[in-house]
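The values are calculated or read from the model by the stated rules, or taken from the named source; none is laboratory data. Predicted, not measured: the structure shown is a model, and the values here were computed from it. Positions of Cβ are generated from backbone atoms using ideal geometry, with glycine treated the same way; all protein chains shown enter the neighbour counts.
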Amino acid sequence: MSHLIIALIVFACVFGSALLGQYLHTVLPEHHLSQESIDVVKLATGLIATMAALVLGLLISSAKSQLDTANADIVRNAASIVSLDRELAGYGPETQEIRGVLKRTYTTTLQILTSGDPSQFATLSSSEGADRVEDL
């Protein structure tokens, strides 16, 4: 949906609500229009707004926590891969093949993870790279 259509729908809803409020103002009995009734409605509206803000804040906090956890996992895994590569390099040139497979596998996995394409996530297999390394 385009932004203009959404804006028009919101405008129509707000304008219709204002017209409905004016109509109800003429139809409602006087005791519903007293200052006490208005204060109760304001109090209830404030409570609902506060609860909505609290829920949205908790939702954003939860999403941020999950993002930070995923980021920390990726950084920790990258550090482990670099450390493993350095250890393998210490064993000499006979580990070149396994180091190459390890780098290609990890590079491919990172490209899939950073692409954000859900169809590529399905191609990820947690044991695929490990199987290739074990075969060597």
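This table checks each residue for (1) out of contact with any helix residue (DSSP H, G or I) (no Cβ under 9 Å at 6 or more places or on another chain); (2) exposed (fewer than 10 other Cβ atoms within 10 Å of the Cβ); (3) not small (Gly, Ala, Ser).
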site: Phe11; (1), (2), (3): yes, no, yes
site: Gly16; (1), (2), (3): yes, no, no
site: Ile60; (1), (2), (3): yes, no, yes
site: Pro93; (1), (2), (3): yes, yes, yes
Region 1-22 residues that are farther than 23 Å from Leu33 by Cα, paired with ones that are surrounded by 10 or more Cβ atoms within 10 Å (Cβ to Cβ) (beta carbon under 9 Å, 6 or more apart): Met1/Ile9
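Scan region 80-93 for residues that are over 16 Å from Leu113 (Cβ atoms) and either among the small types (Gly, Ala, Ser) or under 29 Å from the mean Cα position of the chain (by Cα) (or both) and jot them down. Break it down into steps so the answer makes sense when it comes.
Going through region 80-93, the residues over 16 Å from Leu113 (Cβ atoms) turn out to be 82-93.
Those that are over 16 Å from Leu113 (Cβ atoms) and either among the small types (Gly, Ala, Ser) or under 29 Å from the mean Cα position of the chain (by Cα) (or both): Val82, Ser83, Ala89, Gly90, Gly92.
So if I check each of Leu67, Leu24, which one is over 28 Å from the mean Cα position of the chain (by Cα), part of a helix (DSSP H, G or I), surrounded by 10 or more Cβ atoms within 10 Å (Cβ to Cβ) and at pLDDT below 95? Steps first, answer last, please.
Working: Leu67 fails: over 28 Å from the mean Cα position of the chain (by Cα).
Result: Leu24 is the single residue among Leu67, Leu24 that is over 28 Å from the mean Cα position of the chain (by Cα), part of a helix (DSSP H, G or I), surrounded by 10 or more Cβ atoms within 10 Å (Cβ to Cβ) and at pLDDT below 95.
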Condition met for Val40 (modelled with pLDDT under 95, surrounded by 10 or more Cβ atoms within 10 Å (Cβ to Cβ) and under 30 Å from Gly116 (Cα atoms)): no
Number of the condition not met by Leu113 [criteria: (1) touching a Phe, Trp or Tyr at 6+ places or on another chain (Cβ under 9 Å); (2) aliphatic (A, V, I, L, M); (3) at pLDDT 90 or above]: (3)
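Could you check region 96-113 and list, in sequence order, the residues that are among the basic types (Lys, Arg) and loosely packed, with under 15 Cβ neighbours inside 10 Å? Talk me through it step by step, then tell me what you get.
In the first step, residues of region 96-113 are kept if they are among the basic types (Lys, Arg); the result is 99, 103-104.
Selection gives Lys103, Arg104.
Checking the condition modelled with pLDDT of 90 or more and either aromatic (Phe, Trp, Tyr) or in a helix (DSSP H, G or I) (or both), which residue from Ala49, Ala78 passes?
Details: Ala78 fails: modelled with pLDDT of 90 or more.
The conditions single out Ala49.
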Some residue of region 77-85 being without any contact (Cβ under 8 Å) to a residue 12 or more places away in the chain and over 30 Å from Thr123 (Cβ atoms): no
